[in-house]
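Chemist: Before anything else, here's the structure in question.
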Amino acid sequence: MWPKKVVPKTRNQKKVVKLIKIYRDKFGLRKTVIKIKFSKGKLDNDIYAEVVMKGRVAKIHFNEDLMDKRPEEIENTVVHELLHIVLYKLTDRASWIIQSYVRLRYAREILEDKISNLEHEAIERLIRALTK
């Protein structure tokens, strides 16, 4: 269940909410509805957060276990997830083209993986440029 509005309770949650407000404006995401959720033990141990897009709504699920262990990664995590939102239209359209026009399943999988890897490579470069 996704809360309508998150009231941050911990220092790390407050930091996440503050950073989302800062970078949301910088990235021009004012028209995107961003819903956030914090939980412990619900995501894989090595995933700080994940974002799911549907139309103009982005749902970001943050892993509090990792935020508590490595709070220095919070800013990079917020920027990373917001950049997925920024790039969503591009990657979604590329995926649609691949699914629509590439007949071989194996070829589609290779191309989808390549798009995902390129997206993450671009995000990591942008994080280094924006947060250091």
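The values are calculated or read from the model by the stated rules, or taken from the named source; none is laboratory data. On a predicted model such as this, the values are computed, not experimentally measured, just so you know. Here Cβ is always computed from backbone atoms with ideal geometry, including for glycine, and neighbour counts include all displayed protein chains.
Chemist: Give the residue that is farthest from PRO71 (Cα to Cα), with candidates limited to residues of segment 33-61 that are modelled with pLDDT of 90 or more and touching a helix residue (DSSP H, G or I) at 6+ places or on another chain (Cβ under 6 Å).
Modeler: The residue in question is MET53.
Chemist: Right, next: For segment 54-66: of the residues being touching a residue at least 12 places away in the same chain (Cβ under 8 Å) and out of contact with any strand residue (DSSP E or B) (no Cβ under 8 Å at 6 or more places or on another chain), which is surrounded by the most Cβ atoms within 10 Å (Cβ to Cβ)?
Modeler: LEU66
Chemist: Report yes if some residue within segment 28-44 is surrounded by fewer than 17 Cβ atoms within 10 Å (Cβ to Cβ), of a type in the set (Val, Ile, Thr) and part of a loop (DSSP other than H, G, I, E, B); otherwise report no.
Modeler: no
Chemist: Consider only pairs whose beta carbons are under 7 Å apart and that are at least six residues apart or on different chains; among these, list those whose first residue lies in segment 84-113 and is assigned to a loop (DSSP other than H, G, I, E, B) and whose second residue is surrounded by 11 or more Cβ atoms within 10 Å (Cβ to Cβ).
Modeler: If the second residue must be surrounded by 11 or more Cβ atoms within 10 Å (Cβ to Cβ), the pairs left are VAL102/ARG108; VAL102/LEU111.
Chemist: Among the residues of segment 96-123 satisfying the criterion of being under 30 Å from LYS26 (Cα atoms) and touching a helix residue (DSSP H, G or I) at 6+ places or on another chain (Cβ under 8 Å), which is surrounded by the fewest Cβ atoms within 10 Å (Cβ to Cβ)?
Modeler: My answer is SER116.
Chemist: Follow-up question, since we're still on this one. What number of residues in segment 67-83 are surrounded by fewer than 19 Cβ atoms within 10 Å (Cβ to Cβ) and either assigned to a strand (DSSP E or B) or among the acidic types (Asp, Glu) (or both)?
Modeler: Within segment 67-83, residues that are surrounded by fewer than 19 Cβ atoms within 10 Å (Cβ to Cβ) and either assigned to a strand (DSSP E or B) or among the acidic types (Asp, Glu) (or both) number 4.
Chemist: When segment 5-16 is examined, which residues are found to be within 19 Å of GLU73 (Cβ to Cβ) and loosely packed, with under 14 Cβ neighbours inside 10 Å? Let's see the steps before the verdict.
Modeler: Of all residues in segment 5-16, those within 19 Å of GLU73 (Cβ to Cβ) come to 8, 10-16.
Those that are within 19 Å of GLU73 (Cβ to Cβ) and loosely packed, with under 14 Cβ neighbours inside 10 Å: THR10, ARG11, LYS14.
Chemist: If a residue has to be among the aliphatic types (A, V, I, L, M) and over 15 Å from VAL78 (Cα atoms) to count, how many in segment 34-52 make the cut?
Modeler: 1
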